[in-house]
Amino acid sequence: MRRGVQAGGGTLMTGALRWGMPRVGVVRAPGVDPLASMRAELGSIPIARTKLSDGLTLLSGPGGNVVALSGPDGTIVVDGFVEPAWKQLERTLDSLGGGRITALVDTHWHFDHADNNQHFRRAGAAIVAHENTKKRLTETHELLGMSFPPAPADALPTQTFKTTRTLEANGERIVAGYIPPAHTDTDIYVHLTHANVLHLGDVFFNGIYPIIDADTGGSIDGMIRGMNLALKIADSRTTIVPGHGPLGDKAALSDARDMLVIVRDRVQTLKAAGRTLAEVLAAQPTADLDARWDQGVMPPDNLVAVVFRTLRER
């Protein structure tokens, strides 16, 4: 093991929060519920605001990036942080002046994006998501050392779709479209067409190695295909909102895609030569990329391992 990964149960980092998610693999005290601990850590992060256009605001901090569209037709929100951040999020949304929250759009099922579904429903909002998100939220999952029980009935999406769904509000046209299995099998993009803002959820981690949830349909090839799909939607002026990381554009998305192609191809070559996972890790296929991309939640060895696991025979 390498690059800060200590054998025998050591830590990957010391709990530093990066881009709305603690570093993967952080070891917590015995007896501590890792999910409750992570929720508490994330929920304590202040919400930062960035104006994208009139009535359109990026909120970042306690989980995946959030976009809020506010105006005379009410407020539509894309993703919703973790549950302990709800009161802070509610106050922030109220301050935007859009009045009643009419809809929440979940970009996928993960808790740092969909954890507040129940609160949004209680506030009177419809919950819009892909049909697979509703399915995944009714199941038990293990992810990043955390156990996720099925969500309660009032936290499930109220409106689901298979391919696309369009919403009209506040002079904006919002197109939500399914991305075939990439980060998970529940991913969607959300394109605010007039503002030319594209929210990609966790199909895009800007400037950092991504998490790929292989247990709910994610794969390295799927991530690359999903990013290629987004590159066809975006133009040179599109503001692209990643699930984690700073605001990006088409060039940043292309760079992230190219990095994953490099990692995929290197691991594929080693795997095709009969190397075991341990041997692939020892070869350090990301060594020349780490200075730039190892700045976030996913340690390089963890990324290489999931790439190795999800590669299909060619």
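Is there a residue in segment 180-200 that is under 18 Å from D79 (Cβ atoms), under 13 Å from the mean Cα position of the chain (by Cα), outside any strand (DSSP E or B) and of a type in the set (A, V, I, L, M, F, W, C)? Yes, segment 180-200 has at least one match. Filtering segment 211-251 to residues that are in a loop (DSSP other than H, G, I, E, B), closer than 19 Å to F81 by Cα and in contact with a strand residue (DSSP E or B) (Cβ under 8 Å, 6 or more places away or on another chain) leaves I211, D213, P242, G243, G245, L247. Listed by first and then second residue, the pairs linking a residue in segment 151-169 that is in contact (Cβ under 8 Å) with a residue 24 or more places away in the chain and surrounded by 12 or more Cβ atoms within 10 Å (Cβ to Cβ) to a residue that is in a strand (DSSP E or B) and of a type in the set (S, T, Y), with Cβ atoms under 8 Å apart and 6 or more places separating them unless they lie on different chains, are F161/Y178; A169/T102. Among the residues making up segment 198-210, a single one is of a type in the set (A, V, I, L, M) and either surrounded by fewer than 24 Cβ atoms within 10 Å (Cβ to Cβ) or on the phi > 0 side of the Ramachandran plot (or both): I208.
Yes or no, residue by residue, for (1) surrounded by 18 or more Cβ atoms within 10 Å (Cβ to Cβ); (2) more than 18 Å from the chain's Cα centre (by Cα); (3) modelled with pLDDT of 95 or more:
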site	(1), (2), (3)
N228	no, no, yes
K232	no, yes, yes
G248	yes, no, yes
A251	no, yes, yes
R257	yes, no, yes
V267	yes, yes, yes
A272	no, yes, yes
E279	no, yes, yes
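Only residues that are more than 17 Å from the chain's Cα centre (by Cα), small (G, A, S) and buried (at least 18 other Cβ atoms within 10 Å of the Cβ) were counted across segment 96-116, and they come to 2. Screening T50 with (1) in a strand (DSSP E or B); (2) touching a helix residue (DSSP H, G or I) at 6+ places or on another chain (Cβ under 7 Å); (3) closer than 19 Å to N206 by Cα gives one miss only, at (2). Would you confirm whether or not segment 98-106 contains a residue that is touching a Pro at 6+ places or on another chain (Cβ under 7 Å) and part of a loop (DSSP other than H, G, I, E, B)? For segment 98-106, residues touching a Pro at 6+ places or on another chain (Cβ under 7 Å) and part of a loop (DSSP other than H, G, I, E, B): present.
For segment 118-170, residues that are out of contact with any Lys or Arg (no Cβ under 9 Å at 6 or more places or on another chain) and modelled with pLDDT under 95 total 5. Where helices (runs of 4 or more DSSP H) fall entirely within segment 252-314, those with at least 2 residues that are over 21 Å from G218 (Cα atoms) are at 277-282, 290-293. A single member of L56, L93, L42, L89 is buried (at least 17 other Cβ atoms within 10 Å of the Cβ) and either within 23 Å of D249 (Cα to Cα) or of a type in the set (G, A, S) (or both), and it is L56.
The values are calculated or read from the model by the stated rules, or taken from the named source; none is laboratory data. Because the structure is predicted, anything quoted here is derived from the model rather than measured. Cβ: placed from backbone, ideal geometry, glycine included. Neighbour counts: every protein chain shown.
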